[in-house]
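Let me begin by presenting the structure, written as structure tokens, before commenting on it.
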Amino acid sequence: MTTTMTNQTAHSAGYADRLLQPDWAEIAKITPEAEGVVSYWFKFLDPAIQSRYHFAPGQFNMLYVPGCGEAAISMSSDPDAPDGLLGHTVRLVGNVTKAIGRLKVGEVVGVRGPFGAPWPLDAIQGLDVVVASGGIGLPPLRPALHHITHHRDQYGKVTLLYGARSPKDLLYQNEYEGWKQAGIDVQVTVDRGDESWNGRVGVVPMWFYNFRVDPRKTAVLTCGPEIMIRFVIFEGLARRIPAERIFVSLERNMKCGQGACGHCQLGPYFICKDGPVFPFSALEKFVNVEEY
Amino acid sequence: MCPEDDLFTEVQKIPWFRDLSEKHLKFVGEISHLRRVKIGEIIFREGDKEDNVYIVLEGRISLDMYVPARGKIRFYSAEPWEVIGWSSVTPNVHQRTAGAAAVQDSLLLAVDAEKLRQLCDQDHDLGYLVMRRLANIVASRLLVTRLQLIDMFGEPSEKKNA
Amino acid sequence: MPEKSLTIGSTVALPKTEFNALLADLRQEGFQTVGPHVQDESIVYTPIETLNDLPRGIQDEQQPGSFRLVATGQDRYFDFIPGAQSWKQFLFPPKLTLFHARKEGKWKIEANGEPQPRYALIGVRACELAAIQVQDRVFLRQDFYDPLYRARREGLFILAVNCLKPVATCFCVSMGTGPRLQPGFDLCLTELDDLFLVEVGSELGRSLLAKRSFELPSAYIQNIANQALEHATQSMGRTLDTSDLPGLLMDHLEAERWTEVGKRCLSCANCTQVCPTCFCWDATDRIDLPRKVTVRERLWDSCFNPDYSHVFGGNTRPTIRSRYRQWLTHKIGAWKGQFDVLGCVGCGRCITWCPVGIDLTEEIAAIRQEVKS
């Protein structure tokens, strides 16, 4: 039942016996995204590692700031980006992420990864895909969107639902048009807007009330605040989308990323190793138990 | 105002009116009219005593409230097939508690709420269907409002490692 | 007995007077001999040199929340049941330097390249060996293995001892781990009044034993030992019905009992420290003032630690009830799916060393009772 090798790449397997020792990558570019949210673009110092490193959408790295510690941050960039830069969109709220927030271009962080189960983009080929995200839940889904746009004919109808607190909190706004051009139905909503906001005001799960899905051929990929996820799942199941086809990315306290330190456990799963992406059918038993 | 037949056809298409018999659809058609609005146009304001219930057919209508020192806050948007102004169907409230403005060029079906109430009083079968639909709307608005209230994207006071 | 007929599986009678030489030989081979020693009215595992360092004439009485040494006046060394400490501190140290990182222009890492000590563990009980073997599944996997644990584990000499006098908190029989040692030791002793019966478990054990003078044990002596072991098997202080585990716990995460035990538990983390299979750890960074040299260390952690399940926005296990439930449903539940065995070996330490005397065998029985009714 424990997946040992399946989520490891040839590269990340190299960290199996290194007891948290990272490789070093320098910051090539910094992009402010919204208040308190910044994207960092990394390049490994060692060109051999840089060329060998590859990740699948949904995976994460452990980013290490010496003197501070490590944080698990999902990759948010295109895995096939021509410039090869590794992008992480980070919300600066904790000790480690705030320390990352103080770094400048040219400075170096430790990187271990890629770890974790990715979005099942191969398994959902041929299906309609609803990507339901909110807030800082969009970054881990963005590589999946890149993959879908690069292989658009492999998927049916693709819808991006994205919610944020207010218009100024919406991430990647300058990319929505490009995604629309690539054949993705982009539906953005905010919890509340001001007079200048002509878009939707509401919450992501309510989209299911306005639009029909064919439960026989729809898959859902969802990431965001757990309460949003809970209602996306609720609405998806209510429309008869099978729990096996609703995929969730969970967040727990991750310290090692390799299923060794115990912190991220949920029931029998190590979120870092067996997840963070799970079909909801695997989680049903545990996520509805309060404080489990 | 459109010819009766066209209106009847429009009304028939609306999911809200599914389950209504032909007789009921005719009644509703007689007390409704289509209204086209341009982006920015105001459908009603907070405090207005106007008495229509609207179904959005095309476009998008945002509901808003004015908060002193914060300005106009849009707290909900209605997409096609959604209903706004439903509170005028139930007699308690006699003025608008929010404003409604078109944020896209839109087409609305406006139904005279007082006449609808009279129809429901006379024909309880119609009344029951209308109230059932209303209850569904209220329930889903309540859910959206609760999720907005929880402020799931907010900054909590506790901040620690990562 | 001629040296060449000593094989793996042989059992010999070793006079107690030969034992110190055996320990000396181990040290000669480069092992650090560590074993039980009376200290602070308890028994700890510490470097020992001779039989004299062992708890001679000592037994103990253990109850929930209670541990008392008792003097027996007998010239026996292994009548006690181990105390709070387990052998895990030697393979998985409570504090371990992982690496140093130095900033000279860019950051450079110096891994912990210290040669790892080779320990000879003197007096390993059946439950303790089972616990080591459980931890082997945790620390030596394909997708993650601890090279320092591996080095220590490969360099380990296990001198095991069969338990003859279980105490009230023992339930190794229920967990299928004891009281008789199963394979995995180098040498295994069964103590009689004047001698040790020694079973050979490995080539290393055989070659060390071969240097001592011993005899073939008589059938009479073998019988006494077997009877004593049989008696020990029948005298377990507690039982745990495992027939419906892990399902019993994993399927009843909302049982009332969790709330009840959550009121008693102090979340003090004693149980996770004394448990020989608990493996959770945390990593910390200590940087010097100029911010040029940092040390990354690994420390024992515990799921009872309130910060353990901290996430952005709060804590997924904010109550003691939820943390106790996590510990027990992991140990006797989820562990099975993760490592193919249950995490509990029946040593009873968590029962003895819980300051409020929470007994997991009682908790599980209570949940079973609640579920049935």
| note | Spelling it out for A:VAL186: with amide H atoms placed in the peptide plane at 1.01 Å from N, the residues 5 or more places away or on another chain with amide H under 5 Å from its amide H are A:LEU160
| field | Sequence ranges A:110-120, C:307-317, ranked by mean other-Cβ count within 10 angstrom, highest first | value | A:110-120, C:307-317
| query | Using 1/(1 + (r/R0)^6) with R0 = 60 angstrom and r between the beta carbons of C:ARG118 and A:ARG240, what's the FRET efficiency to the nearest 0.05? | reply | 0.45
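Quantify how strongly other chains surround peptide A:188-194 by giving the mean number of their Cβ atoms within 10 Å of each of its Cβ atoms. All intermediate terms of the calculation are to be shown ahead of the outcome.
On the way: counts 0, 2, 5, 10, 8, 9, 6.
Partner Cβ neighbours, averaged per residue: 6.
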| note | The summed charge of the A:ALA117 Cβ neighbourhood (under 14 Å; Lys/Arg +1, Asp/Glu -1) stands at -2
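Can you give the average number of partner chain beta-carbon atoms within 10 Å of each beta-carbon in peptide B:72-81, as a whole number?
On the way: counts 4, 7, 12, 6, 7, 9, 4, 8, 1, 2.
For peptide B:72-81, the averaged partner shielding equals 6.
So what is the calculated 222 nm ellipticity per residue for chain C, using -39500 (n - 2.57) for each DSSP H run with n of 4 or more, over all residues, to the nearest 500 deg cm²/dmol? Let's see the in-between values first.
Details: 14 runs with 113 residues, N = 373.
One gets -8000 deg cm²/dmol as the mean residue ellipticity at 222 nm.
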| Most mobile listed residue (A:LEU237, A:LEU138, A:LEU63) in chain A, GNM with C-alpha springs under 10 Å | A:LEU237
| Distance (nanometres) between label positions extended 7 Å along Cα→Cβ at B:THR145 and C:GLN63 | 6.0 nm
| said: Quick check: the angle from helix B:4-13's long axis to the longest principal axis of chain B, C-alpha only, nearest 10 degrees? | reply: 50 degrees
| According to a simple spin-label model (label point 7 Å from Cα along Cα-to-Cβ), what is the distance in nm between A:ASP185 and C:VAL70? | 7.7 nm
| What is the list of residues in the stretch A:180-211 whose amide nitrogen lies under 17 Å from a point 7 angstrom out from the Cα of A:THR31, following Cα to Cβ? | A:180-182
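Consider all pairwise Cα distances in the stretch C:291-373 and report the whole-number % of them above 22 Å.
Details: 1426 of 3403 pairs.
Here the long-distance tail beyond 22 Å is 42 percent of all Cα pairs in the stretch C:291-373.
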| remark: Listed by chain and number, the residues whose amide H is under 5 Å from that of C:SER42, excluding neighbours fewer than 5 places away on the same chain and using placed H, are none
| query | Picking from A:PHE211, A:PHE278, A:PHE44, which is most flexible by a Gaussian network model of chain A using Cα springs under 10 Å? | reply | A:PHE211
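Can you give the average number of partner chain beta-carbon atoms within 10 Å of each beta-carbon in peptide A:221-234, as a whole number?
Average per residue, whole number: 2.
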| Cross-link reach list, lysines versus B:LYS49, counting only Cα pairs under 26 Å and skipping chain neighbours closer than eight places | B:LYS38, B:LYS72, B:LYS115
| query | What residues qualify as long-range amide H neighbours of C:THR72, i.e. H under 5 Å apart, gap of 5 or more or another chain, H built at 1.01 Å from N? | reply | C:ILE58, C:GLN59
| query | Between C:ILE8 and C:GLN234, what FRET efficiency comes out of the Förster formula 1/(1 + (r/R0)^6) with R0 = 35 Å and r the beta carbon distance, rounded to 0.05? | reply | 0.75
| field | Between helix B:124-150 and chain B: long-axis angle, C-alpha atoms, 0 to 90°, nearest 10 | value | 10 degrees
| field | Eligible lysines near C:LYS292 by straight Cα distance, threshold 29 Å, same-chain separation 8 or greater | value | A:LYS29, A:LYS43, A:LYS98, A:LYS104, A:LYS255, B:LYS159, B:LYS160, C:LYS95, C:LYS103, C:LYS106, C:LYS108
| query | Which of B:LEU129, B:LEU143, B:LEU63 moves the most in a Gaussian network model of chain B with Cα springs under 10 Å? | reply | B:LEU143
| message | Please give me the summed charge of the neighbours of A:GLY178: other residues whose Cβ is under 13 Å from its Cβ, Lys and Arg +1, Asp and Glu -1. | response | 0
| request: Could you check the simple spin-label distance between A:SER196 and B:ASP105, using points 7 Å along Cα→Cβ, in nm with one decimal? | output: 2.5 nm
| request: Mind checking the full-extension length gain between C:TYR220 and C:GLN89? Use 0.36 nm per residue of separation minus the Cα-Cα distance, one decimal, nm. | output: 43.3 nm
| remark: If each K or R counts +1 and each D or E counts -1, the residues other than C:ARG286 whose Cβ falls under 11 Å of its Cβ total -2
| Which of the helices in chain C meet the span-like rule: DSSP H, Cα axial reach of 15 Å or more, Kyte-Doolittle mean at least -1.0? | C:126-139, C:219-234, C:360-372
| query | How big is the protein assembly as shown on each of its three principal axes, counting only the C-alpha atoms and giving the largest first in Å? | reply | 116, 68, 49
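If you wrap a convex hull around the alpha carbons of chain B, what volume per residue comes out, as a whole number of Å³? Walk me through the numbers on the way to the answer.
On the way: hull volume 24.2 nm³, N = 162.
Each residue corresponds to 150 Å³ of Cα convex hull volume.
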| Under a straight-distance cross-link criterion of Cα-Cα below 24 Å, which lysines are reachable from C:LYS372, leaving out those fewer than 8 residues away in the same chain? | A:LYS285, C:LYS263, C:LYS331, C:LYS336
| query | Along the stretch A:139-146, what does the Karplus equation 6.51 cos²θ - 1.76 cosθ + 1.60 (θ = phi - 60°) give for ³J(HN,Hα), rounded to whole Hz, x for Gly and Pro? | reply | x, x, 8, 4, x, 5, 4, 4
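Values in this text are rule-based calculations from the coordinates and carry no lab data. Keep in mind the model is a prediction, meaning the values are calculated, not measured. No Cβ is skipped: glycine too gets one built from the backbone with ideal geometry, and neighbour counts run over all protein chains shown.
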